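Have a look at the structure below, then the notes.
The values are calculated or read from the model by the stated rules, or taken from the named source; none is laboratory data. Remember, it's a predicted structure, so these values are computed and weren't measured experimentally. Positions of Cβ are backbone-derived with ideal geometry, glycine not excepted, and every protein chain shown enters the neighbour counts. Note: areas computed on protein heavy atoms with side chains; ligands, DNA, RNA excluded. Shrake-Rupley method; radii C 1.70, N 1.55, O 1.52, S 1.80 Å.
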Amino acid sequence: MFRILVSDSMSEEGLAPLRKSEQIEIVQKKVTEVEHRLHEFDALLVRSATKVTEELLEKMPNLKIVGRAGVGVDNIDVDAATRHGVVVINAPNGNTISTAEHTFAMMAALVRRIPQAHISVKSREWNRNAFVGNELYGKHLGIIGFGRIGSEVAKRARAFGMKVHVYDPFLTKERAEKLGVTVCTLDEVLALSDIITVHTPLTKETKGLLGEKNLAKTKKGVYLLNCARGGIIDEKALLQFLENGHVAGAALDVFEKEPLGDHPLLSFDNVIVTPHLGASTVEAQLNVAAQVAEEVLQFLEGKPVTSSINLPTLSKEVYAKIQSFYTLAKKMGILASQFMNIPVQEITVTYAGTVADLETTYITRSLLAGFLQPRVASTVNEVNAAMIAKERGITFGEKFSDDTYGYANCISLTVYGENKVFTMKGTHIPTYGDRIVQFDGFSIDFAPEGHLLYIQHHDKPGMIGKVGNVLGAHDVNIATMQVGRQKAGGKAIMMLSLDKPLDEDMLQTFINIGDIETAKKLEV
Ligand SMILES: NC(=O)C1=CN([C@@H]2O[C@H](COP(=O)(O)OP(=O)(O)OC[C@H]3O[C@@H](n4cnc5c(N)ncnc54)[C@H](O)[C@@H]3O)[C@@H](O)[C@H]2O)C=CC1
Ligand SMILES: O=C(O)CCC(=O)C(=O)O
């Protein structure tokens, strides 16, 4: 049974797929109302009101996924979630149109002074001369941030006969041309535009992007819009430019601090405001709730998510292809970690054959998670494996090679520890399964699963019998056994899979046989 906490208001219809599952219990309450049972939840669904902080994550040790029904994840401490191994997903497309339409509604309202006129008429006035506005037709619109919403705003602006200038450092010329907009520098957008609208995320680079310095570069009489994130337009600077009359008006849906409360911006007649309503339509809320609900359901069923903020994004088709290698890699990591139970500095994974053409980042992360899990107390998974490796001073890298070791695909692992380098090769054979085909320099062929006993010995007659006798005497049944050696009479290894786990103190009994150098218990 999975428990999902929905802590902000969300479309009921969008959540319906989750309600259908008998494996899922949904609790719709604010975090503060369920403080005593936060540890029970596997998933948390939020909009922007719930702040997903490190402190909250610590109170939710069972949490596996946070779903943001919307775009911006600035209310979620993604780094902290990553450290806790919690996947963060969002619903990036569901509210694009609503927010673009809201921006356009705000733009029209701003230049035609519709809210002011509305208040006037409601106050029983009829003052037509007080509300003379401007046309949008023929005006220069500057769009800062040309992603999903910015480009939808541009389409609508073109339909209104506006000239669109765009600044986005990550926008390619081809995409801009396709959408019929002119790519500019930021200074050009500032200098050319009659109206400027921002559609970037709030980042270190965009915080205060329209501050005192850049506002001074805009045309006198410019109109400004922010339906993205509070803080992209610096509110203090905006006040100053409204006071001196340089900015003709501003339309704001978002603020540095929300809820806004009493704010000096509200005293300006030419500032129109909405309470973060960009995505507040029935359609957008249905879209985003349905999108996160579907993703969370997939995730809880062990399937891939497609819009994760802190995991490589995989389509279902790609996930299906990598799944076998993902499992093999995890087992290889677990085996290597137990075998090399010493500090390690570096891990290299080399891919050859069919696996080399797949999304290997995910496979490497899986191997790393398998390797780190026996070494750390907290949960390690694909989300936090890279971060934990870094914290522990373990570097890791991927290589690609043509040497498949005679198989259709081959994953080779090299672990560099103090005074010891360990190597292993694994392959996945459809219908046969995962096989380790090289272990610590010995060619061998065993399935990496269950209770394993590794013995390194001198290649002499009778060794297999002696090991078998010890196991028999302790009532331990051998399920399978594989041997490998470097040369006749040289160093050799045995890998036995057993029907029950070995007691740690039995290992010395094998060493006492003589001609056995190492006996290790491995559990996968
Ligand atoms: N008011 C509301 O209710 C809503 C607000 N939003 C906000 O709108 C904003 C845009 O959302 P989307 O278009 O979906 O995101 P997006 O990720 O599709 O687009 C953002 C664009 O900003 C660009 N960008 C990043 N740094 C930049 C910089 N320093 N200068 C210029 N451009 C930069 C990126 O290259 C990207 O093209 C986000 O902040 C999002 O949180 C989104 C939905 C609803
Ligand atoms: O949940 C909301 O209404 C806010 C939407 C938003 O700001 C976003 O998706 O970034």
- Item | First in the range 432-446 and without any contact (Cβ under 8 Å) to a residue 12 or more places away in the chain and assigned by TED's automatic domain parsing to the domain that holds LYS330, second anywhere and assigned to a strand (DSSP E or B) and crowded, with 18+ Cβ neighbours inside 10 Å, Cβ under 8 Å, 6 or more apart | none
- Query: When you scan the range 346-464 for strands (runs of 3 or more DSSP E) that lie fully inside it, which ones turn up with 1 or more residues that are within 23 Å of ILE322 (Cα to Cα) and of a type in the set (Gly, Ala, Ser)?
  - Reply: 395-401, 409-417, 420-429, 433-439
- Task: List the number of the failed condition for PRO275; all other conditions in (1) within 16 Å of ligand 2 (Cβ to nearest atom); (2) surrounded by 19 or more Cβ atoms within 10 Å (Cβ to Cβ); (3) free of Cβ contacts under 8 Å to residues at least 60 places away in the same chain hold.
- Result: (2)
- Item | Count of residues meeting criterion [within 20 Å of ASP194 (Cα to Cα) and either within 16 Å of ligand 2 (Cβ to nearest atom) or polar (S, T, N, Q) (or both)] in the range 163-183 | 1
- Answer yes if at least one residue in the range 258-266 is within 14 Å of ligand 1 (Cβ to nearest atom) and touching a residue at least 24 places away in the same chain (Cβ under 8 Å), and no otherwise. yes
- Message: As an exercise: evaluate ALA228 against (1) open to solvent by less than 30 Å² (accessible area, probe 1.4 Å); (2) among the small types (Gly, Ala, Ser); (3) more than 16 Å from ligand 2 (Cβ to nearest atom) and give the number of the one condition it does not meet.
- Response: (3)
- Task: Just need a number here: residues in the range 396-431 that are open to solvent by 50 Å² or more (accessible area, probe 1.4 Å), closer than 20 Å to ILE334 by Cβ and touching a residue at least 12 places away in the same chain (Cβ under 8 Å).
- Result: 5
- Have a look at GLY472, GLY514 and point out the one that is over 26 Å from PHE371 (Cβ atoms) and part of a helix (DSSP H, G or I). GLY472
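Considering only the range 67-77, I want to know if a residue exists there that is over 20 Å from THR96 (Cβ atoms) and open to solvent by less than 10 Å² (accessible area, probe 1.4 Å). Even if it seems obvious, please write down each step before you answer.
Within the range 67-77, the first condition is being over 20 Å from THR96 (Cβ atoms), and the residues that meet it are 77.
Restricting the remaining residues to those that are open to solvent by less than 10 Å² (accessible area, probe 1.4 Å) gives none.
No.
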- Message: Being without any contact (Cβ under 8 Å) to a residue 12 or more places away in the chain and more than 43 Å from the chain's Cα centre (by Cα) is the requirement here; does GLY490 meet it?
- Response: no
- Query: When residues of the range 278-302 are filtered for being open to solvent by 40 Å² or more (accessible area, probe 1.4 Å) and within 16 Å of ligand 2 (Cβ to nearest atom), how many remain?
  - Reply: 7
- Query: Is it true that GLU12 is open to solvent by 60 Å² or more (accessible area, probe 1.4 Å), away from ligand 1 (no atom under 14 Å from the Cβ) and modelled with pLDDT of 95 or more?
  - Reply: yes
- On the given criteria, is GLU188 over 21 Å from GLY278 (Cβ atoms), more than 16 Å from ligand 2 (Cβ to nearest atom) and modelled with pLDDT under 95? no
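Based on what the data block shows, is LYS204 surrounded by fewer than 19 Cβ atoms within 10 Å (Cβ to Cβ), away from ligand 2 (no atom under 16 Å from the Cβ), within 30 Å of the chain's Cα centre (by Cα) and in a loop (DSSP other than H, G, I, E, B)?
yes
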- Those residues of the range 173-201 which are within 13 Å of ligand 1 (Cβ to nearest atom), crowded, with 19+ Cβ neighbours inside 10 Å and assigned to a loop (DSSP other than H, G, I, E, B) amount to VAL181, CYS184, HIS199, THR200
